[in-house]
1. Sort VAL125, VAL5 by Cβ crowding within 10 Å, fewest neighbours at the top.
2. Step through the residues of region 164-174 one at a time and calculate ³J(HN,Hα) from phi using the Karplus curve (6.51 cos²θ - 1.76 cosθ + 1.60, θ = phi - 60°), rounding each to whole Hz and writing x for Gly and Pro.
3. Describe numerically, in nm with one decimal, the distance between label points set 7 Å from Cα along Cα→Cβ at ALA203 and at ALA53.
4. Which far-off residues, 5 or more places away or on another chain, put their amide H under 5 Å from the one on ASP179, with H placed in the peptide plane?
5. Dipole size in debye (nearest 20) for region 3-238 around its Cα centre, Lys and Arg Cβ +1, Asp and Glu Cβ -1?
6. Give the residue from GLY116, LEU58, GLY9 lying farthest towards the positive end of the charge dipole for region 3-238; charges sit on Cβ (+1 for Lys and Arg, -1 for Asp and Glu) and the dipole is referred to the Cα centre.
7. If you stretched the chain out fully between GLU65 and GLN271, how much longer would it get, using 0.36 nm times the residue separation minus the C-alpha to C-alpha distance?
8. May I ask you to derive the FRET efficiency for LYS24 and SER235 from their Cβ-Cβ distance with R0 = 22 Å, giving the value to the nearest 0.05?
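Nothing in this text is a laboratory measurement; each read-out follows from the coordinates by a stated rule. This is a predicted model, so every value here is computed, not measured. Glycine also receives a Cβ, built like all others from the backbone with ideal geometry; neighbour counts cover every protein chain displayed.
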Amino acid sequence: MKLTVVGLGRGGGKIADEFARLNKKARAKRGLEIIASAFAIDTDPADLNSLRAIKHDLQHRILIESDKTDGSGTVQMSEIGAEIAMENSNRVLDAIRAAGRIFDTDAFLLTASVVGGTGSGGMPVMAQALKDCYHDKPVYALAILPFLDEEAEEERITYNAAISLKSIYSVADAVFVADNQQYITRDTTLRDKPARINELIVAPFYDLLCAGEEEKTKYVGTSVADFGNIRETLSGWTAIGCGQSPLPSRGLFSRWRSFRDKSADRQAGVQAAEAAIS
């Protein structure tokens with residue numbers, strides 16, 4: 001399954017950058033391409049320049065400007081973000097088209113933090129533009145929720161999140177929601193490590209995107225999920241979980257292992273499944 005990822009705003013751009021890095025991992029470890037193209041769209045050139053994995057050119061890092069911003073961004077005004085996205089939507093579509101990877105793309109994924117104006121206002125607009133242009137390809141959204149202290153500090157953030165989620169749900173084929181607060185509740189040290197949180201948000205997509213792309217026979221199972229199966233599953237509000245549990249290496253006489261050993265393996269599998277849905 002190959003995605004074209006479009007990140008809007010600072011938060012969305014960072015997530016799109018992480019997907020680009022994930023593609024490098026898939027290419028290095030499994031010889032697979034899971035991201036056809038990755039783009040970052042922002043009103044702040046400094047945010048675009050801070051990215052690492054997305055191609056460093058004007059086609060993939062798109063600066064959208066407007067007389068309404070005066071070089072100061074959208075100042076958390078989702079209405080301004082929506083207007084700027086509407087004014088620049090054709091530029092973005094042209095960049096996606098010029099990248100030449102549309103035929104490799106199974107679906108689009110828009111990523112944005114619903115805290116700021118560019119992401120919260122621009123994501124629904126770009127989703128509609130993509131759906132109008134590419135009728136045969138689903139458009140998914142990954143919305144990043146704010147931290148609780150951000151909501152407490154600024155009422156506007158709660159408003160942006162509510163309006164953006166309602167709008168993107170009415171347009172996108174499926175909406176993934178990632179809650180920043182959930183990660184620091186589990187590990188408080190992550191509060192000052194946003195890059196690590198982004199890694200955790202994107203990591204569960206790895207195996208999902210690799211599904212159907214593997215061609216080496218020794219790695220292909222009897223039953224394999226392809227993009228058609230995944231597309232039928234993704235709809236509306238969507239959650240994705242990932243869990244793992246270490247298993248001991250199996251030696252030469254592994255088939256003669258005791259019943260208790262095999263039972264322990266099954267228990268480890270159950271623990272991994274529970275981790276994925278918790």
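1. Listing VAL125, VAL5 from fewest to most nearby Cβ atoms yields VAL125, VAL5.
2. Per residue, the Karplus-derived 3J(HN,Hα) values read 5, 5, 5, 5, 5, 5, 6, 10, 6, 6, 7 Hz.
3. About 1.3 nm, to one decimal.
4. Counting only residues 5 or more places away or on other chains, the set is LEU145.
5. Computed charge dipole of region 3-238: roughly 960 debye.
6. LEU58
7. 69.3 nm
8. For R0 = 22 Å, the calculated efficiency reads 0.15.
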